[in-house]
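Reading through the structure tokens given below for one structure.
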Amino acid sequence: MNTTERTNFFQGKIFAILGVLILLVVPNFVSTNVQIVFILILFYGLCASCWNIVCGFVGELSLGHAVFLGFGAYISTLLLMDGSLSPWVGMFIAAIITAAFGVIVGLPCFRLHGPYFALTTIALGELIRIFVENNEKVFGINIRGAMGLVLKQTGNQFIAFEFANKITYYYVLVAFVAVTILVTWLIKNSKLGYYLTAIKSDPDAAESLGIKLTKYKLIAMAISCFMISFAGTFYAQYFRYVGPTRIFSHDMSVQIALIALVGGQGTVFGPLLGACLLVPITEFLSEEFGGTMPGLHLFIYGIMMVLVVLYMPQGIYKNVTGFFKKLEYKIFGWDKANRKSIGKGVK
Amino acid sequence: MLDSVLLAFIYGILQGGAYGAIALGLSVIFGVTRVTNFAHGAMLMLSTFLYYELYTRFGIDPYLGLLIVTPILYFLGMATQKRLITPLLKKERGTTQDPASLLLITLGLGYAINNLFMMIYGSDYKTIPTAASKSYLTIEVGDFLFTTQWARIIAFFAAFVIGITLWFIINKTELGKRIRAVSQNRDAAAICGVDVYKTYAIAFGLGIAAVAVAGACLSEYYFVQPQVGTLFGTKSFLIVVLGGLGSIPGAILGGLIFGVVESVGAQFITSSASSMLTFILFMIMLFLKPSGLLGKGGKV
């Protein structure tokens, strides 16, 4: 009895575990350039996972999530530069402020649906970007306008969230991603997750059952903003520079959304999977052709989006996991009765 | 001061006409097919590059190039609808509605087109130095001096020409009757023997053809550059929502309001900050009256 249970646990998960191990171990043994790609994979995976919490579960398309990313980056960096506060503390303050801002924004926005919601989030993103680019000071705080915030290199200091080698950054990011995935999983398997699924599939029916639409949407929004603000802090500390033109840009928002959508919205691991697929391709291609062909990686994102919507509306998650499960059964030759139920029947 | 505000107002009206011209196609597409075409800006950019190529290679003025480019884009629009959107609509029937996929596919398409042109042409700013862009209209009354390119004035009137043409097609022709039927009730129209998907394709084509005409007027005085699409695409969305999604006069009215707010606003704050005003205006409008100034729900 005991043995069968253990086989059941590993069955269908071999490749998933392998994938996680690759993400955990391999960056130790590769060159710095490849490490950078791994960091980008996890960074975008993190952002996409956070986006997924609100948009994948609620079903509204936010194309302005870079705003919250930027908020996280700006607040923690300003606290470090002007208040000499360690980013490890600052990122929690930033997260709380960002979550509060997300709720304030979400309150009117969640009254809108479909294209109206998407357009409002675009407008919000552009509004914040232009505002930050054109203002040197807000409420007496020096946000330095379009120049952005430049963090000085001071060397290897844990307390200042600054490390000498990429690999340490990478493992910090692994921790962030692990927490986000855990939070996503907890949400999905909690009452909140069930409420959100109900709201996504039929808002009217959900409301008639006594689910308070706005309340649960806002809770999801607050969690999403809270988490993505950590990604923002990481961005600032890793790149040592926060420029409004990049971090608040429409491209950034769309990139985050596309990665999550290609990966599989509403799933726990989908957005990370999307990042694992898209980021290496685009990084490789822009390294090969980037100099001669600017915009190549965004072109790939666009094409992928079209293909995914046409042929895999639920994202690649189901297909990829299905493929690996089938492969696993072929390799290990596990019993055929299970194979049908796990390999193909997932819908 | 008053003079400069008046001048800004006139410039704003002219620019607003061009905005309206661009937004018209978007409005028609949404009104008929309920598709929020996020690739609209990309189509505009694509058309301006076609005019640019025609001008540099064959010396054809964009106003003349209209005759070549508009049909091309009409068929491009039809193909987009047929190949990308119709399959999604067919899939949706019977099962749960997922309007997000329609939005996403156009978003992806727009991104692909924009960055394809970025890859081919780079981000250099190009201009088409035609006669209309180099000749100026000057009005002088005492101290008051008003100068503008003829191309801008033509773009302003083009908005009304495009608007009236579209209105005529939709309200006065047999084809328009079908378009209106489909936009009001897809299934009922299908029962009456209207080929719904073909009508959708025609409406989509019309919308894209309209943006090609606007692109000709725009390329006469504005830069030809891959980012142009994103810039005007976002603006036309705000304009269309402001005026009322699906309303033809609404698109022009929204464009004019946008142009004036931007231009007059730039007199008081910096010009890049004044585009913030338009975003704020848009958001206030959405929260107060999401159907827009002239929007009436399901009517084109």
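For B:L238, only one of the following conditions fails: (1) within 12 Å of another protein chain (Cβ to nearest Cβ); (2) open to solvent by 20 Å² or more (accessible area, probe 1.4 Å); (3) within 14 Å of the chain's Cα centre (by Cα). What is its number?
(2)
In the range A:95-115, which residues are assigned to a helix (DSSP H, G or I) and within 7 Å of chain B (Cβ to nearest Cβ)? It would help to see each step written out before you state the result.
Just the residues of the range A:95-115 that are assigned to a helix (DSSP H, G or I), to begin with: A:95-109, A:114-115.
Passing the criteria: A:P108, A:G114, A:P115.
Among the residues of the range A:278-290, write down those that are of a type outside the set (G, A, S) and either within 8 Å of chain B (Cβ to nearest Cβ) or surrounded by fewer than 24 Cβ atoms within 10 Å (Cβ to Cβ) (or both). Let's see the steps before the verdict.
Just the residues of the range A:278-290 that are of a type outside the set (G, A, S), to begin with: A:278-285, A:287-289.
Scanning the range A:278-290 gives A:V279, A:P280, A:I281, A:T282, A:E283, A:F284, A:L285, A:E287, A:E288, A:F289.
For the range A:73-90, which residues satisfy the criterion of being open to solvent by 10 Å² or more (accessible area, probe 1.4 Å) and either among the polar types (S, T, N, Q) or part of a helix (DSSP H, G or I) (or both)?
Across the range A:73-90, the qualifying residues are A:Y74, A:I75, A:L78, A:L79, A:L80, A:M81, A:D82, A:G83, A:S84, A:S86, A:W88, A:V89.
The rows are residues; the columns are (1) over 20 Å from A:I228 (Cβ atoms); (2) of a type in the set (F, W, Y); (3) open to solvent by 10 Å² or more (accessible area, probe 1.4 Å).
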position: A:H113; (1), (2), (3): yes, no, yes
position: A:A118; (1), (2), (3): no, no, no
position: A:L127; (1), (2), (3): no, no, yes
position: A:N142; (1), (2), (3): yes, no, yes
position: A:G145; (1), (2), (3): yes, no, no
position: A:G148; (1), (2), (3): no, no, no
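Taking the options B:K134, B:K82, name whichever one is open to solvent by 50 Å² or more (accessible area, probe 1.4 Å) and either farther than 22 Å from B:Y52 by Cβ or of a type in the set (G, A, S) (or both). Talk me through it step by step, then tell me what you get.
Numbers: B:K134 fails: either farther than 22 Å from B:Y52 by Cβ or of a type in the set (G, A, S) (or both).
Answer to the selection: B:K82.
If you go through the range A:148-170, how many residues are within 13 Å of A:Y238 (Cβ to Cβ), free of Cβ contacts under 8 Å to residues at least 60 places away in the same chain and of a type in the set (F, W, Y)?
1
Going by what's in this entry, would A:F161 be described as more than 14 Å from chain B (Cβ to nearest Cβ), surrounded by 21 or more Cβ atoms within 10 Å (Cβ to Cβ) and at pLDDT below 85?
Numbers: more than 14 Å from chain B (Cβ to nearest Cβ): yes; surrounded by 21 or more Cβ atoms within 10 Å (Cβ to Cβ): yes; at pLDDT below 85: yes.
For A:F161, the condition - more than 14 Å from chain B (Cβ to nearest Cβ), surrounded by 21 or more Cβ atoms within 10 Å (Cβ to Cβ) and at pLDDT below 85 - is met.
For A:G70, only one of the following conditions fails: (1) touching a Leu at 6+ places or on another chain (Cβ under 9 Å); (2) assigned to a helix (DSSP H, G or I); (3) of a type outside the set (F, W, Y). What is its number?
A:G70 satisfies every listed condition except (1).
What tally of residues in the range A:119-168 results from selecting those that are outside any loop (DSSP other than H, G, I, E, B), of a type in the set (V, I, T) and within 27 Å of the chain's Cα centre (by Cα)? Steps first, answer last, please.
First, the residues of the range A:119-168 that are outside any loop (DSSP other than H, G, I, E, B): A:119-134, A:137-138, A:141-142, A:145-147, A:149-150, A:157, A:162, A:166-168.
Now narrow it down to the ones that are of a type in the set (V, I, T): A:120-122, A:128, A:130, A:132, A:138, A:141, A:150, A:167-168.
Still in the list and also within 27 Å of the chain's Cα centre (by Cα): A:120-122, A:128, A:130, A:132, A:150, A:167-168.
Total meeting the criteria: 9.
Kindly list the number of the only condition in (1) at the interface with chain A (Cβ under 10 Å from one of its Cβ atoms); (2) open to solvent by 10 Å² or more (accessible area, probe 1.4 Å); (3) within 12 Å of the chain's Cα centre (by Cα) that fails for B:A273.
Every listed condition holds for B:A273 apart from (3).
Which residue pairs have Cβ atoms under 6 Å apart, sit 6 or more places apart or on different chains, and have a first residue in the range A:306-329 that is at the interface with chain B (Cβ under 10 Å from one of its Cβ atoms) and a second that is assigned to a helix (DSSP H, G or I)?
A:V306/B:I105; A:V306/B:G108; A:V306/B:L109; A:V308/A:V262; A:V309/B:S101; A:V309/B:L104; A:V309/B:I105; A:P313/B:S101
A:S208 - would you say it is in contact with a Lys or Arg (Cβ under 7 Å, 6 or more places away or on another chain) and either open to solvent by 40 Å² or more (accessible area, probe 1.4 Å) or within 13 Å of another protein chain (Cβ to nearest Cβ) (or both)? Explain how you work it out, then say what you get.
Details: in contact with a Lys or Arg (Cβ under 7 Å, 6 or more places away or on another chain): no; either open to solvent by 40 Å² or more (accessible area, probe 1.4 Å) or within 13 Å of another protein chain (Cβ to nearest Cβ) (or both): yes.
Answer is no for this residue.
Checking the conditions here, which among A:A123, A:A66, A:A118 is within 9 Å of another protein chain (Cβ to nearest Cβ), touching an Asp or Glu at 6+ places or on another chain (Cβ under 9 Å), closer than 21 Å to A:H250 by Cβ and among the aliphatic types (A, V, I, L, M)? Before you say what the answer is, go through the steps one by one.
On the way: A:A123 fails: touching an Asp or Glu at 6+ places or on another chain (Cβ under 9 Å); A:A66 fails: within 9 Å of another protein chain (Cβ to nearest Cβ).
Within the list A:A123, A:A66, A:A118, the selection yields A:A118.
Would you confirm whether or not the range B:61-78 contains a residue that is of a type in the set (V, I, T), under 20 Å from the mean Cα position of the chain (by Cα), at negative phi and within 11 Å of chain A (Cβ to nearest Cβ)?
no
Identify, from the list B:G250, B:G215, the residue that is farther than 12 Å from B:L44 by Cβ and assigned to a helix (DSSP H, G or I).
Working: B:G215 fails: farther than 12 Å from B:L44 by Cβ.
Result: B:G250 is the single residue among B:G250, B:G215 that is farther than 12 Å from B:L44 by Cβ and assigned to a helix (DSSP H, G or I).
Would you call B:E53 open to solvent by less than 70 Å² (accessible area, probe 1.4 Å) and among the acidic types (D, E)?
Details: open to solvent by less than 70 Å² (accessible area, probe 1.4 Å): yes; among the acidic types (D, E): yes.
The answer is yes for B:E53.
Filtering the range A:34-63 down to residues that are within 14 Å of chain B (Cβ to nearest Cβ) and among the β-branched types (V, I, T), which residue is surrounded by the most Cβ atoms within 10 Å (Cβ to Cβ)?
A:V54
Which pairs have Cβ atoms under 6 Å, sit 6 or more apart or on different chains, and link a residue in the range A:130-147 that is within 14 Å of B:M276 (Cβ to Cβ) and away from every other protein chain (no Cβ under 12 Å) to one that is part of a helix (DSSP H, G or I) and not small (G, A, S)?
none
For the range A:211-238, which residues satisfy the criterion of being surrounded by fewer than 17 Cβ atoms within 10 Å (Cβ to Cβ) and of a type in the set (S, T, Y)?
Answer for the range A:211-238, where residues must be surrounded by fewer than 17 Cβ atoms within 10 Å (Cβ to Cβ) and of a type in the set (S, T, Y): just A:T214.
Which of the residues that make up the range B:197-235 are within 14 Å of chain A (Cβ to nearest Cβ) and in contact with a strand residue (DSSP E or B) (Cβ under 8 Å, 6 or more places away or on another chain)?
B:Q225
Name the pairs: first residue in the range B:119-135 and on the phi > 0 side of the Ramachandran plot, second residue hydrophobic (A, V, I, L, M, F, W, C) and modelled with pLDDT of 85 or more, Cβ to Cβ under 8 Å, at least 6 apart or on different chains?
none
I'd like the full set of residues that are more than 21 Å from B:L107 (Cβ to Cβ) and open to solvent by less than 20 Å² (accessible area, probe 1.4 Å), limited to the range A:291-322. Break it down stepwise before answering.
Initially, the range A:291-322 is screened for residues more than 21 Å from B:L107 (Cβ to Cβ), giving A:291-293, A:318-322.
Hit for the range A:291-322 is A:G322, nothing else.
Which pairs do you get when a residue that is among the small types (G, A, S), found in the range A:171-199, comes within reach of a residue that is surrounded by 18 or more Cβ atoms within 10 Å (Cβ to Cβ), reach meaning Cβ atoms under 6 angstrom, with the pair 6+ apart or on two chains?
These pairs meet every condition: A:G193/A:I187; A:A198/A:A206.
How many residues are away from chain B (no Cβ under 14 Å) and among the hydrophobic types (A, V, I, L, M, F, W, C) when one looks only at the range A:230-277?
14
The values are calculated or read from the model by the stated rules, or taken from the named source; none is laboratory data. Everything quoted here is computed from the prediction, not taken from an experiment. Heads up, the Cβs are rebuilt from the backbone with ideal geometry, glycines too, and the neighbour counts pull from every protein chain shown. Calculation scope for accessible area: heavy atoms of the full protein, side chains included, ligands and nucleic acids excluded. Shrake-Rupley method; radii C 1.70, N 1.55, O 1.52, S 1.80 Å.
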